[in-house]
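The values are calculated or read from the model by the stated rules, or taken from the named source; none is laboratory data. All values reported here derive from a predicted model rather than from experimental measurement. Because the Cβ atoms are built from the backbone with ideal geometry, glycine has one as well, and the counts that use them run over all protein chains shown. SASA here: full protein model, heavy atoms, side chains in, ligands and nucleic acids out. Shrake-Rupley method; radii C 1.70, N 1.55, O 1.52, S 1.80 Å.
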Amino acid sequence: MENKYDLIVVGAGVLGTFHAYQALLRGMRVILVDKNLQPQGATVRNFGQVVPSGMDATWQRLGRDSLEIYKSIQAKTDLSVRQEGSVYLASDAEEVALIEELHAINRQEGYRSQLWTKEQCKQRYPRLNDAYCRAGLFFPEEISVDPRQMILRLHDYLRETFGLTIALGTCVQHLDRQSPTTVTAHCTDGRMLHAEKAIVCSGAEFRMLFPELFQTSDIEAVKLQMVMLSAQSAGALPGNVLTGQSIRRYESFAACPSYRSIKAGEDPDSFWKKWSVHILFKQEVDGHIILGDSHEYAPAARSDELSFDIQMPINRFFVSQAQQIMDLPNWDIERTWAGMYCQSKHPRGVFQHTLDRDIHVATAIGGKGMTGSAGFAKQHLREIYGD
């Protein structure tokens, strides 16, 4: 049969690509399909921080698997992986308590972290403002990537090393079963692709394939804003820098004994809360610093309610808060953009659905995509193929 594969993966972002990778490791013939000429969604509109430290226990295990997968591929080809760790900077006594409690949990889970004094944080980040930092929690195993380069380099590696077929600029408009053993993808250019199974990892765009399923799902859309500051001295901010509001926001800290009482004392009317802001820094190899981010929410079926406009008060807030944390020589905003991702309210933290036995939907991984996709895809393929 013409255009016959073992697996069709719809969606060439990080989640779909790592599904393709796991199938290729099994010796399968795989085609990766995306309607865009290159990834345009959440995969390329994020910080590029791979931080299992921020995840709950289940996803942290998947994130730790992801770290090993990224590093194993980086040993063979340059994906832009940098292992410079992640640090959480505590700004007050409550946040210090939380990082101490998480450090104890990490020890029990066998995930290496280091409690840093204020002086150790200052040694690592000389531009850190004295008035802000009380202590830090450092995760030496964690990595960062350049997301826009990483996904394209990963595509090239899988194409050249495993013979992955990639069909970009190809829109799948329908999936169905043509025979008891064959799933067919009908493309808008008239092509039909055939395989034993298909996996759909196309974010909110799976609404085009399964509109009724999408409309009745628990998925919500999330819009993020972030900015890129002008280039600074290279290496000024090594690794992933997360701050006090990250400590108060990330799921891993929700397991800490003090978390509930600390959250109860927060001001629900603050600007932080209105726009779900927490301050992150990540410096690129060329010296530019990505700063953000904020979060706006809407049911995915009404994602158009999230304006495409950039909210400049949010950008100004990023800068004003970041200036209290770091003393950088240049705060000029060179670029700003919004990203959009989908997240599921299901306890598993991802939307999964199987149609007609061999058509699998795995999407709405939320903000966990860059960190969790590689490990999740490995687990998901095991579930699908029963091993």
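Going by accessible surface with a 1.4 Å probe and the largest first, Met226, Met312 read Met312, Met226. Computed over protein heavy atoms with a 1.4 angstrom probe, the accessible surface ordering of Ser179, Ser113, largest first, is Ser179, Ser113. Candidates Leu193, Ser246, Pro211 compared by Cα position along the dipole of the chain: farthest toward the positive end lies Leu193, with charges placed on Cβ. With all projection directions averaged, the alpha carbon convex hull of region 72-122 covers 4.9 nm².
Working note: Karplus 6.51/-1.76/1.60 with θ = phi - 60° gives region 12-24 the couplings 9, x, 5, 5, x, 5, 6, 4, 4, 4, 5, 5, 5 Hz, where Gly and Pro are set to x. If the limit is 30 Å between Cα atoms, which of Lys71/Lys274; Lys4/Lys378; Lys197/Lys223 go over it? Over 30 Å apart, Cα to Cα: Lys71/Lys274; Lys197/Lys223. The dipole here belongs to region 60-133: it is taken about the Cα centre, uses +1 on the Cβ of Lys and Arg and -1 on the Cβ of Asp and Glu, and is about 420 debye. Ordered from longest to shortest, the equivalent ellipsoid semi-axes for region 247-387 are 32, 20, 18 Å, each the square root of 5 times a Cα gyration tensor eigenvalue. Of Thr181, Thr363, Ile151, whose Cα points farthest to the positive end of the dipole of the chain (charges on the beta-carbon: +1 Lys, Arg; -1 Asp, Glu; origin at the Cα centre)? Of the listed residues, the answer is Thr181. In a reduced charge model with +1 at each Lys and Arg Cβ and -1 at each Asp and Glu Cβ, region 1-129 shows a dipole moment near 500 debye about its Cα centre. Pairwise Cα distances in the chain exceed 28 Å in 46 percent of cases. Around the Cα centre of the chain, unit charges on the Cβ atoms of Lys, Arg, Asp and Glu (plus for the first two, minus for the last two) sum to a dipole of about 460 debye.
Rounded to the nearest Hz, the phi-derived 3J(HN,Hα) couplings of region 30-43 under the Karplus curve 6.51 cos²θ - 1.76 cosθ + 1.60 (θ = phi - 60°) are 10, 10, 10, 10, 8, 6, 8, 6, 7, x, 10, x, 4, 4, where x marks glycine and proline. Ordered from highest to lowest accessible area with the whole protein assembly present and a 1.4 Å probe, Lys273, Lys4, Lys76 read as Lys76, Lys273, Lys4. Highest-first packing order for the peptide set 279-287, 165-173, 378-386, 245-253 is 245-253, 279-287, 165-173, 378-386, based on the mean count of other beta carbon atoms within 10 Å.
Normalised per residue, the accessible area of the chain is 42 Å², obtained with a 1.4 Å probe and no contribution from ligands, DNA or RNA.
Between 0 and 90 degrees, the angle of helix 369-385 with respect to the longest Cα principal axis of the chain falls at about 40 degrees. Of interest is the spacing of the C-alpha centroids, which for region 320-387 and region 254-311 amounts to 15 Å. Farthest toward the positive end of the dipole of the chain, out of Leu164, Ser258, Phe318, is the Cα of Leu164, where the dipole comes from beta carbon charges about the Cα centre. Taking 7 Å steps out from each Cα toward its Cβ at Ala264 and Thr182 produces label points 6.3 nm apart.
Please list, in order, the residues from region 333-363 whose amide nitrogen is less than 20 Å from a point placed 7 Å along the Cα→Cβ vector of Thr58. From region 333-363, the list is 342-355, 360-363. Run the paramagnetic zone check for His353: 7 angstrom along Cα to Cβ, then residues of region 296-328 with backbone nitrogen under 15 Å. So the set is 300-302.
Compute the signed sum of charges (Lys and Arg +1, Asp and Glu -1) over the other residues within less than 13 Å, Cβ to Cβ, of Glu383. Taking every other residue near Glu383 into account, the sum is +3. For the chain, the fraction of 1.4 Å probe accessible surface lying on carbon and sulfur atoms is 48 percent. Measure nothing but the geometry: give the 0 to 90° angle between the long axis through the Cα atoms of 147-162 and the longest principal axis through the Cα atoms of the chain, rounded to 10°. The two axes meet at around 40 degrees.
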